[in-house]
1. Considering Asp209, Asp216, which residue is at pLDDT 95 or above, farther than 29 Å from Glu153 by Cα and touching a strand residue (DSSP E or B) at 6+ places or on another chain (Cβ under 9 Å)?
2. Residues Asp297, Asp314, Asp253: which one is charged (D, E, K, R) and modelled with pLDDT of 95 or more?
3. Residue pairs, Cβ under 8 Å, 6 or more apart or interchain, first in region 143-156 and without any contact (Cβ under 8 Å) to a residue 40 or more places away in the chain and buried (at least 24 other Cβ atoms within 10 Å of the Cβ), second polar (S, T, N, Q) and not in a loop (DSSP other than H, G, I, E, B). List them.
4. Check whether at least one residue in region 296-303 is in contact (Cβ under 8 Å) with a residue 40 or more places away in the chain, surrounded by 23 or more Cβ atoms within 10 Å (Cβ to Cβ) and part of a strand (DSSP E or B), and report yes or no.
5. Which of the residues that make up region 93-126 are farther than 19 Å from Val41 by Cβ and modelled with pLDDT of 85 or more?
6. Under 6 Å between Cβ atoms, which residue pairs at least 6 apart in sequence (or on different chains) link something in region 188-201 that is in contact (Cβ under 8 Å) with a residue 12 or more places away in the chain with a partner that is open to solvent by less than 80 Å² (accessible area, probe 1.4 Å) and part of a loop (DSSP other than H, G, I, E, B)?
7. I'd like to check something: does region 73-93 contain any residue that is among the charged types (D, E, K, R), in contact with a Lys or Arg (Cβ under 9 Å, 6 or more places away or on another chain), part of a strand (DSSP E or B) and open to solvent by 50 Å² or more (accessible area, probe 1.4 Å)?
8. Could you tell me whether any residue of region 143-163 is more than 22 Å from Leu320 (Cα to Cα) and part of a loop (DSSP other than H, G, I, E, B)?
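The values are calculated or read from the model by the stated rules, or taken from the named source; none is laboratory data. Because the structure is predicted, anything quoted here is derived from the model rather than measured. Quick reminder, even Gly has a Cβ in these numbers, built from the backbone with ideal geometry, and neighbours come from all protein chains shown. Note: accessible area is taken over every heavy atom of the protein model, side chains too, but ligands, DNA and RNA are not part of it. Shrake-Rupley method; radii C 1.70, N 1.55, O 1.52, S 1.80 Å.
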Amino acid sequence: MNTQAKLSLLSVAICMTTFNASAALEIYENDGMSFSADGLVNAFYANSSIEKTDAEGATSERDQSRVRTGFLPNNIGFNFSNQLSDMKIGMRSSFWVSISDADNHRDASPADLGTGSLIDIRQFYGTVSGDWGELLVGKDFGLLNRANILGDELLLGFGQTSDFFGLVDGGNVSFGNISTGYTYPFPKSQITYRSPDLNGFKIAVGLMDPNKVAADSSEELPRAEAELIYSTEMDKVNLKAWVSGATQSSEVDDVKQNQSGVGYGANVKFSGFSFTASGFQTKGLGHIAGLDHLVGDESIKSDGYLLQAAYTLDSNRFVLTYGESEVENTDSILDAKHSNIGIAYFRTIRPGLTAVVEYNQTEADVANSLVGEENNTLSIGAVFTF
């Protein structure tokens, strides 16, 4: 496996993606003080059929069955809040693990064999809030493309598993539409202000721990990210639109580099239907496996979009999705176009228990190395939430 592919696979192993996707269970509440917990467990049977084409046009095929974690890792979170007059103090910590670890060390020595669920901390922060808004201090997801991924109709499903990124046999999550429609807002140490509702508008501005281009690079200023969301309801039609951005600067060997990105999208809901269109553009970030904390030269450009339609009828939800991302000017195997088309069915059996049947076709066209991939994956799973 080449260096870039190893780096991508390592990043996937480190990056377990989740958000609080369920309502919290109230454990204690008295005199303005409360403590609650939330959690998610999921498992999918996935069967992938992969066909690859090399530089000479030769093809190779393989089929792989897995029982593994879906797009969201299994997680549990704890929330504390205390209302003090006109100010509320809050804290959140959350921990998640993968169940896809049985073969995680297949290339290791016998002494290293074993499970490696990688208990991961994606959120650990405190908040102070009031009529003026909220200040968050600690570790949380970034703002660039945060609304894009939270609005993904496959959030509780499976999504794409590009073999180019090592996702079929990866020891952690599948990838949803990361790298086939949006970049991942990697959790970062941050100080972020969120405004109250301003006639439908909500603004968030954050100073983030900068991401280094190289071990000896210099970052004089923190990474800055921002998000603007507008929500409204008109004649039983719900509309949500958003735009987000990020920027940072690095200096290596007296050469200054500027990394930046923008994300955007809109969602319309009415009569059980939901339509979403979103996209992004970046320079110098998010070009490796769609992970936005991996930065490089600003000449590297990435862009992509995601189109989704969903219909909910009673306990049933049907989803159609198509997304693609393209990376240019890397002069490496990362010059690539990735796309994913999928169809999914979600059935709420009981509150807190959802069954999922999903089919995804992922394609990769990788320049320079001239590798082509077509991956057809059928997944069947269950999601438990509280």
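1. Asp209
2. Asp314
3. Pairs that qualify, where the first residue is without any contact (Cβ under 8 Å) to a residue 40 or more places away in the chain and buried (at least 24 other Cβ atoms within 10 Å of the Cβ) and the partner is polar (S, T, N, Q) and not in a loop (DSSP other than H, G, I, E, B): there are none.
4. Restricting attention to region 296-303, the residues satisfying the condition of being in contact (Cβ under 8 Å) with a residue 40 or more places away in the chain are 296-298, 302.
Remaining after also requiring surrounded by 23 or more Cβ atoms within 10 Å (Cβ to Cβ): 302.
Cutting the leftovers down to part of a strand (DSSP E or B) gives us 302.
Yes, some residue in region 296-303 is in contact (Cβ under 8 Å) with a residue 40 or more places away in the chain, surrounded by 23 or more Cβ atoms within 10 Å (Cβ to Cβ) and part of a strand (DSSP E or B).
5. Listed by number, the residues that qualify are Phe124, Tyr125, Gly126.
6. Here the result reads Lys188/Gly142, each pair linking region 188-201 to a residue that is open to solvent by less than 80 Å² (accessible area, probe 1.4 Å) and part of a loop (DSSP other than H, G, I, E, B).
7. Scanning region 73-93, I find no residue that is among the charged types (D, E, K, R), in contact with a Lys or Arg (Cβ under 9 Å, 6 or more places away or on another chain), part of a strand (DSSP E or B) and open to solvent by 50 Å² or more (accessible area, probe 1.4 Å), so the answer is no.
8. Looking through region 143-163, at least one residue is more than 22 Å from Leu320 (Cα to Cα) and part of a loop (DSSP other than H, G, I, E, B).
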